[in-house]
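The values are calculated or read from the model by the stated rules, or taken from the named source; none is laboratory data. Nothing here was measured: the structure is a model prediction, and the numbers come from that model. Neighbour counts are summed over all protein chains in view; Cβ atoms, including those assigned to glycine, are modelled from backbone coordinates with ideal geometry. Ligands, DNA and RNA are excluded from the accessible area calculation, which covers all protein heavy atoms including side chains. Shrake-Rupley method; radii C 1.70, N 1.55, O 1.52, S 1.80 Å.
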Amino acid sequence: MDEQNNTDKAREAAEEKLVNGAFQHLLDSYLETRHRKKVDLITKAFNFAKQAHKGVRRLSGEPYIMHPIEVAQIACSEMGLGSTSISAALLHDVVEDTDYTVEDIENIFGKKIAQIVDGLTKISGGIFGEKASAQAENFKKLLLTMSDDIRVILIKICDRLHNMRTLDSQPANKQYKIAGETLYIYAPLANRLGLNKIKTELENLSFKFEHPEEYKKIEDQLADTQASRETLFAEFTTPIREALDKMGIEYEIKARVKSPYSIWNKMQNKHVTFDQIYDILAVRIIFKPKKREEEVNECFNIYVAISQIYKSHPDRLRDWVNHPKANGYQALHVTLMSKQGRWIEVQIRSDRMDEIAEQGFAAHWKYKEGDEITEDDELNNWLRTIKEILDDPQPDAMDFLDAIKLNLFASEIFVFTPKGEIKTMPAGCTALDFAFQIHTFLGSHCIGAKVNHKLVPLSHKLQSGDQVEILTSNSQHVQPSWINFASTAKAKSKIQAILRREAKEIQKKGEEILNDFLQKHSLEPNSSIINKLCDFHEVQKPDMLFKALGDKTIILGDKDIDEITGKKKQGKGASWRKFVPFVGKDKKKGGDEKKQNYFTVKEGFNRKKPIYITDENISQFIFPTCCHPIPGDDALGFIDGMNHIEIHKRSCPVAAKLKAGFGNRILDAKWDMHKQLFFDATIELKGIDRIGILSDVTQVISEELNVNIHRVTLSCEEGIFDGTIELRIHDRDDVKNIVGKLKKIDGLQEITQIV
C-alpha cells in the first residue's frame, strides 16, 4: 500500500513539475513581447483553469491543463496575441468541461474575457434540431461572437492546431472527422486571416492523418530530391546575390519548398506525378528597406535587376504590393527561366511584408502597446460580409457553411465602379455578384451590366481591371435561376433570402388552398392527412406540398380524397431513395435496390472500431456515385439517414462535407478483399501516335497482365492521340501495376488513372 502511495506521489510530483514548467515557458514567451505586462491576470487564469480541470486527463494520458497551456502558448508565440487572449485561451474549456458558467468567468475575469470564452464554448444541441450539423452550428456561433471580437476565431484556430498536433491518440474515425473539419473550415479560415504558417501546418497534418501512406511517400520523395533542389537553388541565386550586393541592399534569400499537401493536391487536380510538378521550389527575397516609405519602389528595383539576369514570364507577374490581398498579403511575384530550363517563381517582399505573410493580421498588432486590437479595413469588410450572412441565416447550417466557404477560398480580382472606385471581388465573380456587393436593391433589380462600356448579361464573368456599370429596372425581380451564376457568399445569401421570403408567401397560399379543399369535403386538416398527401404526391415535407399547391404544380382532386379516406390505394409510397443522401441519379432498378439487404447500424454499435469490407459483405454497403471507391483506396464509412453505411474515398468532396458537418457519423473503413470481385477503373492515355501503339497497349493489358478490357475510346489529331480505356480490375494495386507497365511503352507521354 505504501509502495503504491509513493508511486502516486512521485507521479503527481512529476506532473506538477511538467505543468509548472510549461506555464513558466508561456510566461517567459509573454514577457519577451511588447504587450503590457499583465502577468497577474495570466497567472490568475492559469490557477483557476488548473483547479477547474484537476484530476482530468487527455486521451494521451497527460494532465488536461496541458492542453489550455499549449493553446495559450500558440496564441502568444505563433500569433503574437496579448494577455486578454492568453487568459481566454487558458480558460477556453472551463465552461464546457466543468461546472463553472460564463457568469462565473465574467465575475472573476471581466466581461471581455467572458465574451471570448462564451464564443469558444460549443453549443449543446443544435438550433435546428438533430438533423442539422452540430459542427456547423458551433461554427455559426463562433462566427457570431467573432463579428464582435476577432480574437475568438484566432484562439479557436490555436485550439484546433494543438488538437491536430496531438491527434495520434484519437481513434481513426475521430481522426477523419477532425482532419476533415480542419481542411474544410479551419485551414481556409487561417488562410483568410493571413496565418500562412498555421494554414500550411493544418493542411499537412490533415493530409497526414487522412492519407498516411500518400503523405509518407511525398515526404520520402521530397527527401530524395532535396540535394538536387539545393544545387538548383545555389546555382540560381548566385548571380542574384551578386546583383543585390552591388545595389547595396540588406537582404536574405530563402528557398520555399511546396508543402506535401499542396503537392498532393496538385497531383490530384492536374492528374500529374510528383516528377511532373515543376514549382516545388520557389525563391523568396526578403529585404530591409533603406526607408520604410520606399519599400514599394525597392521591390520593383529588385525585380528590374533580376529580370536582367533571367528572362521573366510575361503572364506571371503578380503585383500584390500595390494591391494587397484581402488577408493583408503583400509581395511581388515574378517567374524566371533558370539556366537549367526550369521556371522558378521569385517572391520579393520587405521584412514587414514577410512578417504579415507569415503571421497575417496578428502581425499588425504584434508590436502595438497594450492589448487592444485594431483590425485593418479589409478584415472589417470580411467581418461585415459574415455579419450580413448571419443577419439572414439559412435554415440549414451546412448551406451556411458553404456560403462562408465561398468567400474563404476565393482568390481576388480588382474591379472599378463607373466613378473609378476600386472594389476587391473574388475571382470568377459575375456582374450579378458585383451588383449585390454594392447594394441589395441594385442586385435584386439588376437587368444587365455594361463592362468596359459594352452591354453584357448578369452571368458575365468579370476580369481584373474591368469597369462595371449596373443597369436596373423597378419591374425586375429575383429569379431562381440567378443562384446558378451567383458566386459570392453575399449574393447567394441575399438571393436565397428573397426567394425564401417569396416561397413562404406561396406556401401560405398553398396551405389556404388545402384548408379550403378539405373543408369542402368536410375534413379537418391534421398531420395524418398531410403526411398521406405527401406520400401520395411523393414530396418529402409538408412545406414542399404547400409550395407545390401554391404554385399549382399539384392540383387536388378526387384521387386525393380516396387516398385520405383509404378507399383506393395507389400503391405509390414515397421513394426510398430520397432519404439517402448523395445517392446520385435515380436508377431504373430502384425497386431492386429497395429490397437490397443493407447492413443497419443499431443502438450500441461501436463507432470507434473500423468496419471491414469483405468479398462476402460488400453488397451490404452503399457505394454512391460521387467518388467510386475501389479496394485499396483510403476509405471511410458514413452512417446515412436510414442507418445504412455509405463508403466514400477519404478525399471525396462529398465526404469532405460529411466530415465537417456530420463527424459523429463517420466510421473508419478498411478493405479485406481477396481479388474475387471486379471493379470498374478508367485510365486516360495521351501520347505521340505511331503504327502499332494501340496493339502494344492492349497486349500489355490483356496478355501480360491478364486484365479484362471493357471499352477503348481513342482519337488522334495531328500526330497526337488521346483516349480512355475502361478496365475490370480487382483493386488499386492492379491499377498501379497497369500504369507502371504502360509507362514503358514507347510514345505514351501521359497516363492518368481517373477512377
For this session: Give just the number: which of (1) without any contact (Cβ under 8 Å) to a residue 12 or more places away in the chain; (2) open to solvent by less than 20 Å² (accessible area, probe 1.4 Å); (3) acidic (Asp, Glu) does Glu242 not satisfy?
Result: (2)
Problem set entry | Residue that is least open to solvent (accessible area, probe 1.4 Å) [pool: residues in the range 526-554 that are under 17 Å from Ile564 (Cβ atoms) and hydroxyl-bearing (Ser, Thr, Tyr)] | Ser528
For this session: List the helices (runs of 4 or more DSSP H) that sit entirely inside the range 364-483 and contain at least 1 residues that are at pLDDT 80 or above, in contact with a Lys or Arg (Cβ under 7 Å, 6 or more places away or on another chain) and within 22 Å of Arg500 (Cβ to Cβ).
Result: 431-438, 440-444
Seminar exercise, completed: Selection from the range 277-305 of residues assigned to a helix (DSSP H, G or I) and touching a residue at least 24 places away in the same chain (Cβ under 8 Å) yields Arg292, Glu295, Val296, Glu298, Cys299, Phe300, Asn301, Ile302, Tyr303, Ala305
Problem set entry | Looking only at the range 678-702, and only at residues there that are touching a residue at least 60 places away in the same chain (Cβ under 8 Å) and either in contact with a Phe, Trp or Tyr (Cβ under 7 Å, 6 or more places away or on another chain) or of a type in the set (Ser, Thr, Tyr) (or both), the one that is most open to solvent (accessible area, probe 1.4 Å) | Thr682
For this session: Provide a single number: the residues in the range 213-239 that are open to solvent by 40 Å² or more (accessible area, probe 1.4 Å) and of a type in the set (A, V, I, L, M).
Result: 3
Exercise. How many residues are outside any loop (DSSP other than H, G, I, E, B) and either β-branched (Val, Ile, Thr) or open to solvent by 10 Å² or more (accessible area, probe 1.4 Å) (or both) if we restrict to the range 636-662?
Worked result: 8
Exercise. Cβ-Cβ below 9 Å, separation at least six or inter-chain, first residue in the range 152-175 and within 22 Å of Thr84 (Cα to Cα), second among the acidic types (Asp, Glu) and open to solvent by 40 Å² or more (accessible area, probe 1.4 Å): which pairs?
Worked result: Val152/Asp118; Cys158/Glu70; Cys158/Glu78; Leu161/Glu78; Leu161/Glu201; His162/Glu70
For this session: Would you confirm whether any residue within the range 714-733 is among the hydroxyl-bearing types (Ser, Thr, Tyr) and at pLDDT 85 or above?
Result: yes
Exercise. Looking only at the range 45-99, which residues are charged (D, E, K, R) and either within 22 Å of Gln170 (Cα to Cα) or in a loop (DSSP other than H, G, I, E, B) (or both)?
Worked result: Lys54, Arg57, Arg58, Glu62, Glu70, Asp93, Glu96, Asp97, Asp99
Problem set entry | Residues of the range 703-755 satisfying the condition of being surrounded by 15 or more Cβ atoms within 10 Å (Cβ to Cβ) and assigned to a loop (DSSP other than H, G, I, E, B) | Leu705, Val707, His730, Asp731, Ile745, Val755
For this session: Take the residues in the range 29-44 that are in a loop (DSSP other than H, G, I, E, B) and open to solvent by less than 90 Å² (accessible area, probe 1.4 Å), then tell me which one is farthest from Ala75 (Cα to Cα).
Result: Lys38
Exercise. Within the set of pairs 6+ apart or on separate chains, which have a first residue in the range 180-192 that is part of a helix (DSSP H, G or I), a second that is of a type in the set (Ser, Thr, Tyr) and modelled with pLDDT of 85 or more, and C-beta atoms under 6 Å apart?
Worked result: Thr182/Ser206; Leu183/Ser206
For this session: Could you tell me which of the residues Lys508, Lys494, Lys490 is open to solvent by 80 Å² or more (accessible area, probe 1.4 Å) and under 30 Å from Ile447 (Cα atoms)?
Result: Lys508
Exercise. What's the number of the condition Lys675 fails, among (1) open to solvent by 30 Å² or more (accessible area, probe 1.4 Å); (2) touching a Leu at 6+ places or on another chain (Cβ under 8 Å); (3) not in a strand (DSSP E or B)?
Worked result: (2)
Exercise. List the pairs whose first member sits in the range 248-276 and is in a loop (DSSP other than H, G, I, E, B), whose second member is crowded, with 17+ Cβ neighbours inside 10 Å and not hydrophobic (A, V, I, L, M, F, W, C), and whose Cβ atoms are under 6 Å apart, counting only residues at least 6 apart or on separate chains?
Worked result: Ser259/Thr200; Ser259/Asn204
Exercise. Does any residue in the range 430-450 that is in contact (Cβ under 8 Å) with a residue 24 or more places away in the chain and among the small types (Gly, Ala, Ser) come within less than 9 Å, Cβ to Cβ, of a residue that is open to solvent by 20 Å² or more (accessible area, probe 1.4 Å) and in a helix (DSSP H, G or I) six or more places away or on a different chain, and which pairs are these?
Worked result: Ala435/Leu442; Gly443/Gln437; Gly443/Lys490; Gly443/Lys494; Ser444/Lys494; Ser444/Ile498
